[in-house]
1. Restricting to segment 152-194, give me the number of residues that are under 24 Å from Ala205 (Cα atoms), not hydroxyl-bearing (Ser, Thr, Tyr) and not in a loop (DSSP other than H, G, I, E, B).
2. Looking only at segment 291-310, which residues are β-branched (Val, Ile, Thr) and either under 26 Å from His234 (Cα atoms) or open to solvent by 20 Å² or more (accessible area, probe 1.4 Å) (or both)?
3. How many of the residues making up segment 366-387 are touching a residue at least 12 places away in the same chain (Cβ under 8 Å), over 26 Å from Arg71 (Cα atoms) and open to solvent by 60 Å² or more (accessible area, probe 1.4 Å)?
4. Hey, does segment 237-244 have a residue that's closer than 24 Å to Met74 by Cβ, out of contact with any helix residue (DSSP H, G or I) (no Cβ under 7 Å at 6 or more places or on another chain) and crowded, with 16+ Cβ neighbours inside 10 Å?
5. Looking only at segment 327-365, which residues are touching a Lys or Arg at 6+ places or on another chain (Cβ under 7 Å), under 24 Å from His101 (Cβ atoms) and open to solvent by 10 Å² or more (accessible area, probe 1.4 Å)?
6. Are there any pairs with C-beta distances below 8 angstrom linking a residue in segment 182-199 that is in contact (Cβ under 8 Å) with a residue 60 or more places away in the chain to a residue that is assigned to a loop (DSSP other than H, G, I, E, B) and acidic (Asp, Glu), with the two at least 6 apart or on different chains, and if so which?
Amino acid sequence: MRKEAMTRGTFLTGAAAVGAGALVGTALTGQAGAAAGPRSGVRPDAARAGARQAAAPADPRTTTGRGLVHRGVMYECEDGESRHTGWKRARMRSDMHAIRHDLHANSVVAFGTGVERLTATAREAVEHGMHVWLQPRMADVPEREILDHLAETGREAERLRRQGARVYLSVGCEFILFVPGIVPGANAVERIENMLKGNWDPAAAQRRLTRFVGLAAKTGRRVFHGPLTYGSAHGDKVDWDLFDLVSVNYYSYFADPRGYVKELAPYRKWGKPVAITECGTCTFEDAPQAGGMGWDVVDYSKPKPEVREGVRRSEHTQAQYLGQVLDVFDQMDLHAAMVYQFVTSDAPHRRARRYDLDIASYSLTKALWKTEDDPTARWHWEPKESFHAVSRHFAHAERRERGRA
């Protein structure tokens with residue numbers, strides 16, 4: 001079986017895991033036009049004021065004061081663009097220690113391809129006492145290969161569950177982008193282009209998406225007997241009766257934090273735990289307003305990819321946004337919130353702004369290469385302001401839980 005996956009080299013920076021799906025979700029449901037979809041919830045006239053507002057209290061009639069049950073981060077298990085930037089066992093083990101003991105996460109999502117590395121990451125997380133989500137992501141291969149990869153991952157998740165691990169299985173992520181045949185296009189980039197140009201049939205795409213989500217749920221149930229979910233794009237129409245948790249990849253921005261509460265409220269109607277399976281923003285001023293399309297500030301047509309003029313790095317913007325939305329999710333007593341993502345090894349931070357690809361990264365850490373253009377085995381990461389902001393939030397929640405025990 002081929003273990004193919006989207007990387008930055010094939011789908012710009014981070015696009016395989018972020019909210020380009022927010023575009024298609026809103027398009028499918030008719031909530032917004034294609035141009036508005038990526039900026040879900042934006043109120044441009046109040047953008048800067050909203051960034052300074054504290055989270056408004058959630059409706060007390062729908063909250064218990066429990067807060068988030070699972071607080072965590074996404075961890076990618078993929079081949080990198082070079083032999084040094086892909087998944088490595090020793091590096092993963094060190095990262096899991098940092099995620100648990102420095103970030104204070106109690107949960108981690110291991111996502112990507114390669115059942116062995118997904119399972120190894122999950123086992124290491126369990127060793128640190130964390131709850132684990134396994135999410136296979138295979139793109140642009142025949143449906144049968146995607147479902148076979150899911151089944152293999154599910155069997156390993158079931159072994160972990162039977163051994164006492166706390167584990168969920170997510171059958172995949174935003175299938176409309178990454179499964180061939182739902183939307184025209186040979187890969188996710190072409191599919192997005194076709195949707196932006198109107199070269200697709202939303203009603204037909206919805207039928208195909210519903211069919212494949214059903215096949216994935218059936219495959220997952222056959223091999224895994226713990227909680228099952230699916231990483232949907234915000235606005236996707238999904239039959240959540242097929243799953244145990246309602247999960248959404250959520251990159252909206254609102255000037256007034258009450259907007260998040262209103263927008264997420266419909267997910268409660270299924271009477272099931274609601275999980276934010278992805279959230280975050282990039283590392284530049286006004287990135288939250290760009291929503292899930294924040295990665296699209298790099299010009300890859302240049303011989304050496306360049307950040308576009310006028311884009312200013314701001315770790316503070318990223319940290320402030322994450323602090324705000326995590327407060328909202330906590331106050332809503334959502335089941336889980338997973339920050340996208342821990343590290344983006346192929347988007348290094350560089351001193352020169354025009355080549356600082358970390359600006360377009362959603363990660364909580366910045367990858368520092370030992371050489372300017374070619375990473376060596378000794379590249380490392382350092383925490384960004386967002387890492388510390390999320391760490392404080394998670395640590396506070398941990399103390400709160402201990403106080404209730």
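1. Within segment 152-194, residues that are under 24 Å from Ala205 (Cα atoms), not hydroxyl-bearing (Ser, Thr, Tyr) and not in a loop (DSSP other than H, G, I, E, B) number 14.
2. Val297, Val298
3. Count: 4.
4. No.
5. The one that is touching a Lys or Arg at 6+ places or on another chain (Cβ under 7 Å), under 24 Å from His101 (Cβ atoms) and open to solvent by 10 Å² or more (accessible area, probe 1.4 Å): His349.
6. So the pair list comes out as Asn187/Asp140; Ala188/Asp140.
Matching residues to (1) modelled with pLDDT of 95 or more; (2) under 18 Å from the mean Cα position of the chain (by Cα); (3) among the charged types (D, E, K, R):
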| site | (1), (2), (3) |
| --- | --- |
| Lys302 | no, no, yes |
| Gln331 | yes, no, no |
| Ser363 | yes, yes, no |
| Arg378 | no, no, yes |
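Let's see how each residue does on (1) more than 21 Å from the chain's Cα centre (by Cα); (2) among the small types (Gly, Ala, Ser):
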position: Gly72; (1), (2): no, yes
position: Glu124; (1), (2): no, no
position: His128; (1), (2): yes, no
position: Leu150; (1), (2): no, no
position: Ala157; (1), (2): no, yes
position: Arg161; (1), (2): yes, no
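The values are calculated or read from the model by the stated rules, or taken from the named source; none is laboratory data. Keep in mind that what you see is a predicted model, and the values were worked out from it rather than measured. Neighbour counts run over all protein chains shown; Cβ positions are idealised from the backbone, glycine included. For accessibility, only protein heavy atoms count, side chains too; no ligands or nucleic acids. Shrake-Rupley method; radii C 1.70, N 1.55, O 1.52, S 1.80 Å.
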